[in-house]
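Each reported figure results from applying straightforward, stated rules to the coordinates on display, with no laboratory input. The structure presented is a predicted model; accordingly, all values stated were derived computationally and were not measured. Cβ placement follows ideal geometry from the backbone for every residue including glycine, while neighbour counts extend to all protein chains displayed.
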Amino acid sequence: MTDIEVHDLTKEFGSRRAVDRLTFTVRPGRVTGFLGPNGAGKSTTLRLVLGLDHATSGTATVGGRPYPRLREPLRRVGALLDSDAAHGSRTGRDHLRALAVSNRIPAGRVEEVLEETGLAPAARRRVRTYSLGMRQRLGIAAALLGDPEVVLLDEPANGLDPEGIVWIRRLLRRLAAQGRTVLVSSHLMNETAAFADHLIVLGRGRLLADTSVRDFIHARVRPGVRVRTTDDHRLGELLTRHGYDATHAPDGTWTVGHARMADLGRLLADAGLPVLELAQEEATLEQAYLDLTTEQAEFTARPRQEV
């Protein structure tokens, strides 16, 4: 088993502390989503794990060793931090061949990852002709080249079309099912909810959450029930009389917080109110994330003031 262990990790740039005494563990067999607002310290943390920056204090290890001390690191850790890392004058195949030769990886593995990432038809084209999505796939192919135990991807869905997003989702789930350690940084909440089992959330360089996706959502957002009837006034009185906290929208829809659909259905039936709509509103990862991180964002846009 190969864990990523971060312990009391701190990184300072002059007077600014980008990572602040961070401690967490990324375990094998699951996809861990790495979330946080811009400036939260996610990219700096990934660079520290990969030995691309030196920590001010604390440690970051892969399988108990700092990344620079790993033997044949591309066989242990595959990473995508920058989709523009490949030289534009090389073909996609030649870029991967150069990585394979320098890391003693069999040449046949190049063709395997080209097929796996859907780049085989474009393998002879120069990288500078690739679209953003194709360069992203090439970066993922490079990360998978050494068949590593640990995979770190920063915004892997960036630039991918809908088919590509479905593909990366399935790829991440498959890698985790094979027992690999998978850490994925993303700003796409819906996608993260679709592929992640566990979450690590940062804010201003500090750890805000280290928990399962389900627990993270349920701890911060209570689901509600959406209701519409033919008699808004009677429904409002009924909900108030039974102690429900409800809000009324201009389209006639009531949203009832902290309620179960079955309970409201029975209440409406007993009152003889015709039901036009009765639906459960599920809590989302985006709602929970915003609830936790709104005050932690370094860069936010203020609503425009009407004049």
Only Cα pairs within less than 10 Å get springs; with that Gaussian network setup on the chain, which residue of 71, 234, 104 has the largest fluctuation? 234
For segment 149-162, Karplus couplings with θ = phi - 60° (6.51, -1.76, 1.60), whole Hz, Gly/Pro x: 7, 10, 10, 10, 10, 9, 6, x, 7, 4, x, 7, 7, x
For Rg and Dmax of the Cα atoms in Å the list reads (1) 24.0, 75; (2) 29.7, 93; (3) 18.2, 56; the calculated value is entry (1)
7 Å from Cα along Cα→Cβ at both residue 27 and residue 90: what's the point-to-point distance in nm? 3.8
Under the Karplus curve 6.51 cos²θ - 1.76 cosθ + 1.60, θ = phi - 60°, whole-Hz ³J(HN,Hα) for segment 103-118, x wherever Gly or Pro sits: 10, 6, 9, x, 4, x, 5, 4, 5, 5, 6, 4, 5, 5, 9, x
Connecting C-alpha atoms closer than 10 Å in a GNM of the chain, tell me which of 36, 139, 108 has the biggest fluctuation. 108
DSSP bridge orientation in the chain - percent antiparallel, rounded to nearest 5: 65
The residues 115, 191, sorted from fewest to most surrounding Cβ atoms within 10 Å, come out as 115, 191
Spatial separation of Cα centroids for segment 204-275 and segment 30-93, in angstrom: 43
For segment 11-71: rounded, prolate or oblate by the Cα gyration tensor [a/c cutoff 1.5]: oblate
